[in-house]
Amino acid sequence: MYREIIIDHYKNPRMKGTLDPHDYSYEDDNPLCGDRIRIDVRVDDEGRISEAAFSGEGCAISMSSADMLTEAIIGKTLEEVKALDKAYILEMLGIELGAVRLKCALLSLKVLKAGVYGLETLEEELL
C-alpha cells in the first residue's frame, strides 16, 4: 500500500527531535485522527534554513511526511518554504491519498507554514 520510502522514514526518521533554541516553532494536531506534529527551524545569517526537526506522534503518513519535509527544507529560504504547496507533499510521498489520509500528509506542511508565518506569536498576542 505505501511506498518503501514512506515506511523507511516512518521506522527510521532522520529529522526527529527538537531544536532549542530555534528561530521558528509551531505545533498542531489533527483532531480527527490524533496525529500531532511540532516543527522547529533555525535560520542562518543568509536567511536559509540551516536546521530543522520535528517531533510528535501519528500514523506512518503524517510522521513520514514530517520527516521528509523537514529534511527537504534544509538550505531553502523562508520564501521558498512559504511557496511549498500540497502538490509538493504529494509528489514527495509519491502515492495517491484519500481525503482522510490527505489531512495526515498535509499536517506537517500546515505546521511548518504556521511557524514560518509566525502564527504562534500572533496567537500569543491575541490571548
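Quick note: the coordinates plus some simple rules give every number you see, no bench work behind them. In this text the structure is predicted, and so the values were computed from the model without any measurement. Heads up, the Cβs are rebuilt from the backbone with ideal geometry, glycines too, and the neighbour counts pull from every protein chain shown.
Please compute the alpha carbon radius of gyration of the range 55-114, then divide it by the globular-protein estimate 2.2 N^0.38 Å. Two decimals is fine. Mind showing how you got there, number by number?
Numbers: Rg = 10.9 Å, N = 60, 2.2 N^0.38 = 10.4 Å.
Relative to the rule-of-thumb radius for its length, the range 55-114 sits at 1.04.
Sort 90-102, 67-79 for me by packing, meaning the mean count of neighbouring Cβ atoms within 10 Å per residue, highest on top. Before the final figure, lay out each step's value.
Details: 90-102: 12.9, 67-79: 17.8.
Packing proxy ranking, top to bottom: 67-79, 90-102.
For a quick protection proxy, order the peptides 50-59, 34-43 by their average other-Cβ count within 10 Å, most packed first.
Taking the mean over residues of other Cβ atoms within 10 Å, the ranking is 34-43, 50-59.
What ratio of Cα Rg to 2.2 N^0.38 Å holds for the range 4-117?
Ratio of Rg to 2.2 N^0.38 Å for the range 4-117: 0.97.
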